[in-house]
Amino acid sequence: MGTYVKLYTGTSILTNRLAFLLNEAGIATITKNHDESARLAGFGTFQNSSELLVQDHDLQEAYKITENFKKEILK
């Protein structure tokens, strides 16, 4: 099992969409949603505080998918 590394930080909507694309490609992901954690604890938080992590051995393929995703959302 590899070490997880941060691939992407953004809103929870975009992070969840990218996680879906990566999972379709067979890449396991972990999403850390700091917005939800802060809400449950009664604190505020900044926007774009969801992180998407992938295993280090999947990083190269995940990076390609992420770059295509970024191009898609900027259209």
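The values are calculated or read from the model by the stated rules, or taken from the named source; none is laboratory data. Since we're looking at a predicted model, the values are computed, not measured. Cβ atoms come from the backbone with ideal geometry, glycine included; neighbour counts cover every protein chain shown.
Within region 2-34, being over 13 Å from residue 49 (Cβ atoms) and not in a helix (DSSP H, G or I) holds for 2, 3, 4, 5, 7, 25, 26, 27, 28, 29, 30. Screening region 5-35 for residues that are farther than 21 Å from residue 72 by Cα and surrounded by 14 or more Cβ atoms within 10 Å (Cβ to Cβ) and picking the one that is modelled with the highest pLDDT gives 28.
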